[in-house]
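The next block holds one structure in the form of C-alpha cells; read it before the comments.
The values are calculated or read from the model by the stated rules, or taken from the named source; none is laboratory data. Source: prediction; values computed, not measured. Neighbour counts run over all protein chains shown; Cβ positions are idealised from the backbone, glycine included.
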Amino acid sequence: MAKQASDEKVVPLGIVLITIGVIVTATAASILLLQPSSAQTAIVKTPPLPVTVVVTPIPNATETAVDSSTEITLPEGFVSLDDAPSGSLSNQPRRIVIPSIEVDAPVVDVGMTALQNNGQTVYQWQVPQGYEAGWHNTSAPLGQVGNTVLNGHHNIFGEVFGSLVDLEVGAEIIVYDAESPHDYTVAEVQILPERDQPLEVRQENAHWIQPTSDERLTLVTCWPHSDNSHRLIVVAYPTNTSTN
C-alpha cells in the first residue's frame, strides 16, 4: 500500500513540472516576439504626438535668437530623435520652390531638442539657421498619406519664409525629393494668435502640425516680421488630386 501511495504522488508532480516548463517557454517566446527590434525603435516615422504645449515667441528677433518653435510633451519611452536616422529617406523633402514669392531653398530634416519648462521635460522643434526649410522628420515623407511639415525662419537667418504671409490660396508650391518634384496648391493661409494665449488655444494651433489622414503639405513660421506673437500656417494639397 505504501508503494502505491508513493506512485500516485509522482505522476501529478511530473505533470506540474511539465506544465510549468510550457508556461515559462511560452512566456519567453511572447516577450521575444513582442519586443521591437532596434530598427523599429529607430524608425523616423513615430506614433502621433498626443499633447502639444507651448510656443515661445521672440520679442525682438536677432541673428543670435533662439527660434520660437512648438514645444511638445512626449509620452514616456519615446525614442529620442537624436538616435533616429538622418537624411536616409529617398522621398523626404530636399528642396522647396514657391514661384509667386520667389522662394527656392534646400530642405533639411530636423528633429527636436529637450528643454526644461517648469520642471517638466519638453521637446522643441529645431529650425535651420540659414536660408533653408526644415522638414519635421516625424512627419510624412512626400507622396505618402499624412502631413508633411516644413518650418522656417521669417525674420532671421536668411528669412526663407519671410514672404510666406503673401501667399494666396491657389498658389503653387513644388517640393522635390531625391528623384522627382511634388506639386501642391495652397488651400489655406492662417494667422493664429499665440503669445499669452491659453493652453487650449496653443494646443489647437499646434493641431496643424499633427499627423493627418489625408496627404497634405503644411508650412509653419512666425508673424509679424517685427514680432513673433502669432503663428503663420500654410496648408497645401497635391495638385493632381480632387482634395482642392
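Among the residues of region 156-178, those identified as under 23 Å from the mean Cα position of the chain (by Cα) and over 18 Å from CYS222 (Cα atoms) are ILE173, ILE174, VAL175, TYR176, ASP177, ALA178.
Every test in (1) over 15 Å from ILE101 (Cα atoms); (2) at pLDDT 95 or above; (3) charged (D, E, K, R) is passed by GLU194 save one, and that test is (2).
Taken over region 219-238, the criterion of being over 17 Å from the mean Cα position of the chain (by Cα) and either in a strand (DSSP E or B) or buried (at least 21 other Cβ atoms within 10 Å of the Cβ) (or both) is satisfied by CYS222, TRP223, ASN228, HIS230, ARG231, LEU232, ALA236, TYR237, PRO238. Scanning region 123-155 for residues that are over 14 Å from the mean Cα position of the chain (by Cα), modelled with pLDDT under 90 and buried (at least 21 other Cβ atoms within 10 Å of the Cβ) gives no hits. Residues in region 80-112 that are crowded, with 16+ Cβ neighbours inside 10 Å and modelled with pLDDT under 50: LEU81, ALA84. The residue pairs whose first member lies in region 165-188 and is farther than 17 Å from GLU102 by Cα, whose second member is at pLDDT 95 or above and hydroxyl-bearing (Ser, Thr, Tyr), and whose beta carbons are closer than 7 Å, counting only pairs six or more residues apart or on different chains, are ALA187/TYR237. Of all residues in region 189-218, those being outside any helix (DSSP H, G or I), among the acidic types (Asp, Glu) and exposed (fewer than 14 other Cβ atoms within 10 Å of the Cβ) number 2.
Against the criterion of being under 24 Å from TYR131 (Cβ atoms) and either assigned to a loop (DSSP other than H, G, I, E, B) or touching a His at 6+ places or on another chain (Cβ under 8 Å) (or both), ILE173 does not qualify. Summed over region 197-229, the residues that are among the charged types (D, E, K, R), modelled with pLDDT of 90 or more and farther than 22 Å from VAL160 by Cβ give a count of 2.
Each residue in region 95-112 was checked for being in a strand (DSSP E or B) and touching a residue at least 24 places away in the same chain (Cβ under 8 Å), and 12 pass.
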